[in-house]
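What follows is a single structure, written as structure tokens, with notes after it.
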Amino acid sequence: MLAEFCERSFLKLWSYPNPFKDSKNGHELCDLLAVFGDYVFIFFDRENQIPDVPDKDPQILWNRWKKNVIDRQVKTAHGAEQYIKSGHPIFLDAKRTKPFPLAIDPQKAIIHKIVVAHGAKEACERASDQNIYGSLAISYCETDVNQTQPFIIEIDRRKPVHIFDSHNFSIVLGELDTVSDLSNYLDEKLRAVTKFDSLLYCGEEDLLGHYLLNYDEETKRHIIGTNRDDVNSVMIGEGEWNDFIKTDLYKNTKNEDRISYFWDELIQRTCQNALNGTLGGNSDILRGQSAIFEMVKEPRFIRRALADRIRRTIMNFPDDPDQFTRQVTFLPSHLPDVGYVFFQLRVSEAYRKQPEYLDKRRTLLEIACGAAKNKFPQLTKVIGIGMDAPKFAGDTNSEDFILLPCETWPDDMRTYYEEQNREWKFFGTPQLEQYNEHVTQFVPPSFVD
């Protein structure tokens, strides 16, 4: 389950189960290690059922479970973090023959330690009929106490670790199923743990519900608690998540988000081709020098907007009897200096079968990306997505992806793409149209863009 959810959030190229330390004893570093850019996610997954034994002291049963499932994994997580920060090598196998393929800069790494604890759900529900999901309560405070009240996990706020359980783990990684969304949440959580003397919540899903509904207009981001300096403690009550998912706002947003997974399909398909060795080109998808790496950075609601605009562009491709028709669309990223060029081409079937056709299509896509940089000089990266117009391509099609780094753009580059674009006039024809759309993370049922 851990690997499945992480593959969905981090994709197969950036998540690795059971990596090993540089140890002759074949010691594992963690249960799963996910690395994307400077973010490092260390996962531990443990299960040990709390038995239903009425004649046993509940405190003793709790202490035993907490020691095995929580305390030991928290200690191991701190050790794994120190191992990574020390710069020691990591391997994919116990014999240390397969090095971990992703570089981690210990000085820049943003490390999140995550323990998924199973086995307490039924005991939590037996202890309180108000515990909706059987979730563990979490308290971040300054503490050195090892014995705590049953079903409340106390974590030292000076050495924070994220604790999920059987139920809310799937909620968190299911709702925050992009690297940006998950990292933003965990970053904000650590900010709140550092800011407040105490952060207490009845379940991780309740904290998530609070976070998603608590948007700060000044900083333009979701927050936990408040930015006020006169508040030193935050408590999130039971039922925040349960109430949220019943709202029309949540239900409609989930419905609107369905189209966003077209963006995920493009990424997943290309990543699988890379794993299968069937991906052409010279980009380094794994280490970040690629269009796919940039596409992965988009949060869910931006993926929804991008996928929806691509869908509409595909449907509106001109029904021109001319066998050669092209259409180029510029789409902004959530990052102000990044943009996408979506390029569709329609040619005759005979022309598509020519050996050099795909090379020519890629060349046109590159020219369109250069033209986008010339038209929007603030861009530092342009990502090109090209394909045969799906409206006429039939059952077979392929995609081209181009990353054009353009933080520096000397005059000779600008002139080169101006000359290459003279014939095609990308972003320079009378048919050019501009649209302004307002995109929100949550979409009320009556919202019309």
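Starting from residues that are touching a strand residue (DSSP E or B) at 6+ places or on another chain (Cβ under 6 Å) and acidic (Asp, Glu), keep the ones in the range 395-405 and report whichever is surrounded by the most Cβ atoms within 10 Å (Cβ to Cβ). Per the stated criteria, the residue is 400. Of note, residue 323 does not satisfy the criterion of being under 17 Å from residue 427 (Cα atoms) and either assigned to a strand (DSSP E or B) or not charged (D, E, K, R) (or both).
For the range 288-320, how many residues meet the condition of being outside any loop (DSSP other than H, G, I, E, B) and within 15 Å of the chain's Cα centre (by Cα)? Number of matching residues: 10.
Filter the range 179-238 down to the residues that are assigned to a helix (DSSP H, G or I), more than 12 Å from residue 140 (Cα to Cα) and of a type in the set (Gly, Ala, Ser) and list them by number. Within the range 179-238, 180, 183, 209 qualify.
You will find that of 188, 175, 142, 204, the residue that is within 30 Å of residue 228 (Cβ to Cβ) and out of contact with any strand residue (DSSP E or B) (no Cβ under 8 Å at 6 or more places or on another chain) is 175 and no other. When the range 346-367 is filtered for residues that are in contact with an Asp or Glu (Cβ under 6 Å, 6 or more places away or on another chain) and within 22 Å of residue 307 (Cβ to Cβ), only 365 remains. For residues in the range 201-238 being under 25 Å from residue 153 (Cα atoms) and aromatic (Phe, Trp, Tyr), which is modelled with the highest pLDDT? That would be 211. Report whether or not residue 11 is more than 21 Å from residue 163 (Cβ to Cβ) and either outside the structural domain of residue 105 (by TED's automatic domain parsing) or under 20 Å from the mean Cα position of the chain (by Cα) (or both). Spelling it out, residue 11 is indeed more than 21 Å from residue 163 (Cβ to Cβ) and either outside the structural domain of residue 105 (by TED's automatic domain parsing) or under 20 Å from the mean Cα position of the chain (by Cα) (or both).
Whenever a residue of the range 341-354 is on the phi < 0 side of the Ramachandran plot, its partners that are among the basic types (Lys, Arg), lying with C-beta atoms within less than 6 angstrom and at least six residues away or across chains, give the pairs 345/326; 345/361. When residues in the range 150-164 are screened for being within 14 Å of residue 117 (Cα to Cα) and surrounded by fewer than 16 Cβ atoms within 10 Å (Cβ to Cβ), 1 of them pass.
Going through (1) part of a helix (DSSP H, G or I); (2) surrounded by fewer than 19 Cβ atoms within 10 Å (Cβ to Cβ); (3) aromatic (Phe, Trp, Tyr); (4) modelled with pLDDT of 95 or more one by one, residue 392 falls short only on (4). Output the number of residues of the range 266-278 satisfying the condition of being in contact with a helix residue (DSSP H, G or I) (Cβ under 9 Å, 6 or more places away or on another chain) and part of a helix (DSSP H, G or I). Result for the range 266-278: 8. Put simply, of 346, 352 the only residue that is modelled with pLDDT under 95 and under 21 Å from residue 433 (Cβ atoms) is 346. Summed over the range 423-449, residues that are surrounded by 10 or more Cβ atoms within 10 Å (Cβ to Cβ) and over 31 Å from the mean Cα position of the chain (by Cα) total 6.
The values are calculated or read from the model by the stated rules, or taken from the named source; none is laboratory data. Just so we're clear, the structure is a prediction, and the values are computed from it rather than from any experiment. FYI the Cβ positions are ideal-geometry reconstructions off the backbone, even for glycines, and counts take in every protein chain you see.
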